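The structure appears below as structure tokens.
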Amino acid sequence: DHKPSLSPDGTKILFASNRDRNFDIYTINADGTNQTRLTTHVNPDNYPTWSHDGTKIAFTSWRDGNPQVYTMDADGTNQTNITNTPSYDMEPSWSPDGTKIAFSSDRDYNGEIYIMDIDGSNQKNITNTTNFDESDPSWSPDGTKIAITSIGEEMKIQIIELK
């Protein structure tokens, strides 16, 4: 099991697990009851994250042959590929106001951080580097900054200020 995430109201835990011999997305009540498998695809689904209001989940899926960012309703319905590229798009992170998703992508031949609207439109590279691989985006509570992992000669954490 990995990448656990507590729901905004604190009642459920969202996580990915390979307990059925393939990584899928699950929820479980915070008290350990009512485990529910939300995805059942033959290819791995992981990196799940809640929307700001707990009604949606963004996750990474390999079901299209390469990792893509998907969204679904909190009950597992309406699974939709929102990045739709031949590149590796993964590690989604919802903005605090629920209007954007940050994610990592290799579409520029190295790891970069992108942001997009929650329907996948307006995808924009916010790092634009050539000598580093950036990953693991995480929004600040006020939505004005994104913390990332940056790997070049050494690994470090960076803060990207959004304009």
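The values are calculated or read from the model by the stated rules, or taken from the named source; none is laboratory data. Keep in mind the model is a prediction, meaning the values are calculated, not measured. Virtual Cβ from ideal backbone geometry, glycine too; neighbours counted across all protein chains shown. For the accessible areas, the whole protein counts, side chains as well, though only heavy atoms, and no ligand, DNA or RNA atoms are used. Shrake-Rupley method; radii C 1.70, N 1.55, O 1.52, S 1.80 Å.
From the list Ile113, Ile82, Ile57, the lone residue that is more than 21 Å from Thr27 (Cβ to Cβ), of a type outside the set (D, E, K, R) and buried (at least 18 other Cβ atoms within 10 Å of the Cβ) is Ile113.
The residues in region 23-45 that are open to solvent by less than 50 Å² (accessible area, probe 1.4 Å) and touching a Pro at 6+ places or on another chain (Cβ under 6 Å) can be counted, and the count is 1.
Only one entry of Asn43, Asn66 meets the criterion of being outside any strand (DSSP E or B) and more than 20 Å from Leu14 (Cα to Cα), and that entry is Asn66.
This table checks each residue for (1) in contact with a Gly (Cβ under 8 Å, 6 or more places away or on another chain); (2) under 18 Å from Ala16 (Cβ atoms); (3) open to solvent by 20 Å² or more (accessible area, probe 1.4 Å); (4) not acidic (Asp, Glu).
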{"residue": "Pro67", "(1), (2), (3), (4)": "no, yes, no, yes"}
{"residue": "Asp106", "(1), (2), (3), (4)": "no, no, yes, no"}
{"residue": "Tyr109", "(1), (2), (3), (4)": "no, no, yes, yes"}
{"residue": "Thr129", "(1), (2), (3), (4)": "no, no, yes, yes"}
{"residue": "Ser150", "(1), (2), (3), (4)": "no, no, no, yes"}
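Within region 4-21, residues that are in contact (Cβ under 8 Å) with a residue 24 or more places away in the chain and closer than 18 Å to Thr60 by Cα sit with their Cβ atoms under 8 Å from residues that are open to solvent by 80 Å² or more (accessible area, probe 1.4 Å) and in a loop (DSSP other than H, G, I, E, B), at 6+ positions apart or across chains, in these pairs: Phe15/Asp1; Ala16/Asp1.
Among the conditions (1) closer than 29 Å to Asp9 by Cβ; (2) more than 13 Å from the chain's Cα centre (by Cα); (3) crowded, with 17+ Cβ neighbours inside 10 Å; (4) at pLDDT below 95, Ser135 misses just one, which is (2).
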